[in-house]
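Okay, so here's the structure we're looking at.
The values are calculated or read from the model by the stated rules, or taken from the named source; none is laboratory data. Given the structure is predicted, the values throughout are model-derived calculations rather than measurements. A quick note on method: Cβ atoms are made from the backbone with ideal geometry, for glycine too, and the neighbour counts reach across all protein chains shown. Accessible surface areas use protein heavy atoms only, side chains included; no ligands, DNA or RNA. Shrake-Rupley method; radii C 1.70, N 1.55, O 1.52, S 1.80 Å.
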Amino acid sequence: MPTSRAGQRARSRSAAGLPAVTAKKVIDAAVKLTVERGLENWTLRQLAAAIGAYPAVVYHHVGDRDAVVCAVLDRVVGQLRLPDDGLEWQEWFVELLTGLREVLRKHPGTARRMASFGPSVAAATPTLDRGVQILLDAGFGEESSLAYTMLTATACQYVAIEDDRDCSLALRLDNTEEYASYRDREDLPGMAAHGRAMHELLTDPEAAAGYHPYLFDFAIRRCLDGLTCRLAQLRA
């Protein structure tokens, strides 16, 4: 009886003393490549090389590249830990989304994918179910799902901006320097105010290092301020 190529490969791996390829090992390798290169900067062929197999083996165990990306995103989301239920709803979301930023920043490119498509329903369920329930309990009613989506999408978008800017450091520096040059323009007070802020980033390494975490926290808290006002309207 003829032997299939897949069967020959399986026996050759065993004969060579190589460990069997599993879906978990494929996804482990894809997560590692994502940490090292970013989600969009590795190919299926490179992934196959990382596990010492043919691309067809990746297809067999997980699927095409999009299927692998979905599995990576689910694995990343699985690292998120839910805050304590005893927190006020605003601080619960500050803690949740701050943790989300930390996880996504360790896996460049996943934030943009999260903002556009999100993880699988199974991976999203623990966080989404609890988050929407927190908002229901706070009194947002039918708007709870919208509020949850707005908060998580805002968080992912700001992390995606950080990821993108990391990939364009030269352009980012050029723009910051140009904005900073406007800091003394009395005829353009708005540009001057922004220019002074950009000049601080150029001259103060500590301020530059903390800028994006601060901007992220500012954006999340201002969204929560808006939702707090909306909640007062709903209660009225």
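Brief remarks follow.
Conditions (1) under 25 Å from Arg37 (Cβ atoms); (2) charged (D, E, K, R), marked per residue:
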position	(1), (2)
Gln79	yes, no
Asp84	no, yes
Glu102	yes, yes
Ile134	no, no
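- For beta carbons closer than 6 Å, sequence separation of 6+ or different chains, a first residue in the range 29-50 that is closer than 12 Å to Pro108 by Cβ and hydroxyl-bearing (Ser, Thr, Tyr) and a second that is open to solvent by less than 20 Å² (accessible area, probe 1.4 Å) and not in a helix (DSSP H, G or I), the qualifying pairs are Thr34/His107.
- Residue check for Ala115: among the small types (Gly, Ala, Ser), closer than 28 Å to Val69 by Cα, under 13 Å from the mean Cα position of the chain (by Cα) and open to solvent by 30 Å² or more (accessible area, probe 1.4 Å): yes
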